[in-house]
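The block underneath contains the structure these notes are about, expressed in structure tokens.
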Amino acid sequence: MSNLTYNNLWRRAQNDLEKLATHDFDYQSADPQFDKPAIQYKIFELYSKYIIIANKLNDIYDQMLQPQKRILVKKLLDACFGRVCELKQDLVKIDLTEFNYNDDVMMKLKLTPIDTEIVIPHYFLREREEELTARAKTMDDILKRIGVIEEEVPIERLSELEAIRIIQMHERARQGRLRAQFMKEIRSLKEKGKPERGKAETGFMAALKIQKVWRGFQERKKTRIKKMEEMILIGMLPDPKRDNKLQESIQEVRAQRHKIQMEYQKLYENSLKRFEEEIKAKQGMSMTEDMADEIRNWFKDYFLKTGKFPEFPSEEAGGSRHLLSRQGE
């Protein structure tokens with residue numbers, strides 16, 4: 001999918017979110033209601049709409065390339081999921097169950113249960129890969145120290161005596177297998193010397209065993225086929241007859257866009273650092289003087305009004321930054 005596709009999707013998501021925010025504001029500012037089904041209807045409608053928009057924003061954030069837009073989309077995505085959690089809590093309090101559903105809302109919005117499933121944001125894992133890897137390594141180190149996981153011990157070179165013992169052990173095992181094979185041949189010769197059963201009875205038993213094994217094999221094969229068809233029908237397994245080339249190409253495009261995202265993000269962060277350094281170099285002195293003048297003027301005004309100088313905040317309290325933030329008071 002192209003940049004134009006996600007820009008259009010982002011534009012539609014903005015419009016839907018504006019309408020939903022207005023609807024949500026009207027719901028929160030309305031007078032208290034005591035009709036439980038009506039309240040559940042309104043909350044579930046808001047809940048479903050927020051989930052749909054959150055899933056859209058999830059796709060947009062996952063594939064959009066522009067870093068500045070992605071910052072805004074992520075804030076909206078987190079806010080939507082926060083509101084979803086709040087509405088879910090209200091539904092649980094009303095229905096007294098973790099599983100909430102309203103068929104009238106689903107029919108009104110023309111949705112299916114799959115449409116209201118919350119998709120876990122992709123950035124939960126993708127953007128925290130280094131953090132999760134470091135956390136897993138820390139846990140492995142802790143488990144190794146307390147003895148839960150056995151640490152891999154490097155293979156040591158055997159001494160000549162140990163090598164001889166291993167060779168002797170395998171040689172004894174080889175001789176034992178030869179003796180066992182010899183005894184097996186002797187027993188076989190003894191069996192041949194015994195009087196044979198009737199040929200008719202032996203043939204009947206052989207046919208019966210062959211039929212039993214074959215019928216069991218056929219029934220197990222039919223059961224496996226039926227189980228596979230059922231799993232494919234309910235979507236638990238992919239259909240082997242379906243062509244997956246399109247899906248594979250989509251995954252390749254998504255992975256390629258992820259790489260471009262990382263490149264653009266690094267370029268954006270480097271540009272911010274460069275602009276910050278340029279501003280400090282060109283305007284740093286004048287900005288410092290302006291702030292110093294503001295602090296002096298504030299001290300002077302404070303002294304003229306109260307007849308004494310204020311206490312200068314400590315470094316832990318914010319220092320001169322704290323003074324500047326109090327000038328509007």
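Going through the cross-link list Lys280/Lys308; Lys19/Lys245; Lys282/Lys308; Lys137/Lys259, which pairs have a Cα-Cα distance over 29 Å in this structure? Too far apart for the 29 Å limit: Lys280/Lys308; Lys19/Lys245; Lys282/Lys308.
Entry note, the chain: relative contact order of 17 percent, from Cα contacts under 8 Å with a spacing of 6+ residues. Cβ crowding within 10 Å ranks Trp214, Trp10, Trp298 as Trp214, Trp298, Trp10, fewest other Cβ atoms first.
Exceedance of the 21 Å cut-off in Cα-Cα distance is limited, within the set Lys69/Lys266; Lys69/Lys110; Lys69/Lys273, to Lys69/Lys110. Remark: the chain carries a charge dipole of roughly 2940 debye about the Cα centre, counting +1 on each Lys and Arg Cβ and -1 on each Asp and Glu Cβ.
This ranking places Met139, Met64 by how few other beta-carbon atoms lie within 10 Å of each, fewest first, which gives Met139, Met64.
Evaluated with a Cβ-only charge set (Lys, Arg +1; Asp, Glu -1), region 250-325 carries a dipole of roughly 260 debye about its Cα centre, given to the nearest 20. Give the residue from Met287, Ile167, Ile225 lying farthest towards the positive end of the charge dipole for the chain; charges sit on Cβ (+1 for Lys and Arg, -1 for Asp and Glu) and the dipole is referred to the Cα centre. Ranked along the dipole, the leading option is Ile167. Name the most mobile residue of Gln261, Gln181, Gln218, meaning the one with the largest mean-square fluctuation, in a Gaussian network model of the chain with Cα contacts below 10 Å. Highest fluctuation of the listed residues: Gln181.
For the chain, modelled as a GNM whose springs connect Cα atoms under 10 angstrom apart, the maximal fluctuation among Tyr123, Tyr101, Tyr302 occurs at Tyr302.
Taking the charge dipole of the chain about its Cα centre, with +1 at Lys and Arg Cβ atoms and -1 at Asp and Glu Cβ atoms, the residue from Ala134, Ala30, Tyr41 reaching farthest to the positive side is Ala134.
When the charge dipole of region 1-133 is built from unit charges on Cβ atoms (+1 for Lys and Arg, -1 for Asp and Glu) and taken about the Cα centre, the candidate among Leu111, Leu20, Asn100 whose Cα reaches farthest toward its positive end is Leu20. Under a Gaussian network description of the chain, with springs only between Cα atoms under 10 Å, the residue in Gln63, Gln211, Gln251 that fluctuates furthest is Gln211. Can you grab the distance from the C-alpha centre of region 81-141 to the C-alpha centre of region 22-67, Å, no decimals? Using only Cα atoms, the two centres lie 13 Å from each other. Going by neighbour counts of Cβ atoms within 10 Å, the residues Asp140, Asp62 line up, fewest first, as Asp140, Asp62.
FYI, it's all coordinate maths here, none of it is from the lab. Just so it is clear, the model here is predicted, and its values are computed rather than measured. Positions of Cβ are generated from backbone atoms using ideal geometry, with glycine treated the same way; all protein chains shown enter the neighbour counts.
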